[in-house]
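Reviewing the structure listed below.
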Amino acid sequence: MRIVFATTRGAGHLGPLIPFAHARVRAGHEVLVAGPGSVGALARRAGLPFRPVGEPPPERVAAAWAPVWSYATAPGAAHVIGELFIGLHARVARPGMLAAIEDFRADLVVRETCEFASVVAAERLAVPVAQVGIHLTATTDTGDGLIALAAPALAAFRAEAGLVPDPTGEALRRAPVFTQAPRSLEDPEFAEPARVRRVRAADPVSGAAFPAWGSARTTRSCTSPSAPRRRGRRGSPTSIARPSTRSWRCPSACS
């Protein structure tokens, strides 16, 4: 299978895609990361082939994002999603993303949930889409909030690409979402859609697969005397649940 992993700018957007791309490479598939040139070094550092797509000039990006970083002028999430991620970045990236998917003869596009050029490009080419959540909760990546914020700008973006109307973002609501976030981070009232897939990446130190979220091994405390400690409520050291510090490997039987 040939898979394009689509990202917008920033390590926080590309980063969550990397374990999934590595997993597909280990399984024998061909992968390509497509995104703005500013993330190319990050992709190559991860050992992944990269193809740049269009990106606005740095000065235009800086000016457009400047109000977002100020408490006094922050325009809110609707502006960030609609005007920046879609109206600015996706609009410039769309021609290059379309060409990348077509030239690579992709069988699947995997997008991070704030990248939108691949949404219209994949539909134009009749390529199925899967999604990787980049937030700490699946509520954010699959709930009505993000899709509702994106829907108006995405509807106009789709019209520019000659696609049929989708005013409520149903195409995104149908696509599966993979996340490494545990269920315990969700609001207890969150009714998890069946399209959410919770997974865990391999341990970057040992290469071994972590146990599934919610299994006994994810909640068992490590009693090794060399285990890292966190401070308790009154400053007393307490053991931490494994595996929570990925750079440390337990030498005891609990490994």
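Brief remarks follow.
- For beta carbons closer than 6 Å, sequence separation of 6+ or different chains, a first residue in segment 169-197 that is among the hydroxyl-bearing types (Ser, Thr, Tyr) and a second that is in a loop (DSSP other than H, G, I, E, B), the qualifying pairs are THR179/GLY133.
- Segment 151-178 - residue that is of a type outside the set (A, V, I, L, M, F, W, C) and surrounded by 19 or more Cβ atoms within 10 Å (Cβ to Cβ) and, of those, farthest from PRO95 (Cα to Cα): GLY169
- Residues satisfying the stated conditions in segment 121-133, i.e. surrounded by fewer than 23 Cβ atoms within 10 Å (Cβ to Cβ) and either closer than 18 Å to HIS89 by Cβ or in contact (Cβ under 8 Å) with a residue 12 or more places away in the chain (or both): GLU123, ARG124, LEU125, VAL127, PRO128, VAL129, ALA130
- For segment 76-110, filtering for residues that are surrounded by fewer than 13 Cβ atoms within 10 Å (Cβ to Cβ) and either more than 22 Å from the chain's Cα centre (by Cα) or within 16 Å of SER38 (Cα to Cα) (or both) leaves 2.
- Filter result for ALA148 (hydrophobic (A, V, I, L, M, F, W, C) and either over 17 Å from ILE81 (Cα atoms) or in contact (Cβ under 8 Å) with a residue 60 or more places away in the chain (or both)): no
- Residue in segment 112-119 that is surrounded by 13 or more Cβ atoms within 10 Å (Cβ to Cβ) and over 19 Å from the mean Cα position of the chain (by Cα) present: no
- Check on ALA156, at pLDDT below 90 and either in the same structural domain as ARG91 (by TED's automatic domain parsing) or among the aliphatic types (A, V, I, L, M) (or both): no
- Filter pass, GLU30 being modelled with pLDDT of 95 or more and in contact with a helix residue (DSSP H, G or I) (Cβ under 6 Å, 6 or more places away or on another chain): no
- Residues satisfying the stated conditions in segment 134-150, i.e. farther than 24 Å from PRO52 by Cβ and crowded, with 20+ Cβ neighbours inside 10 Å: ALA138, THR139, ASP141, THR142, LEU146, LEU149
- Within segment 63-75, being aliphatic (A, V, I, L, M) and under 15 Å from VAL92 (Cβ atoms) holds for ALA63, ALA64.
The values are calculated or read from the model by the stated rules, or taken from the named source; none is laboratory data. What you see is a predicted model; the values in this text were computed from it and never measured. When we count neighbours, we look across all protein chains shown, and the Cβ atoms used for this are built from the backbone with ideal geometry, even at glycine.
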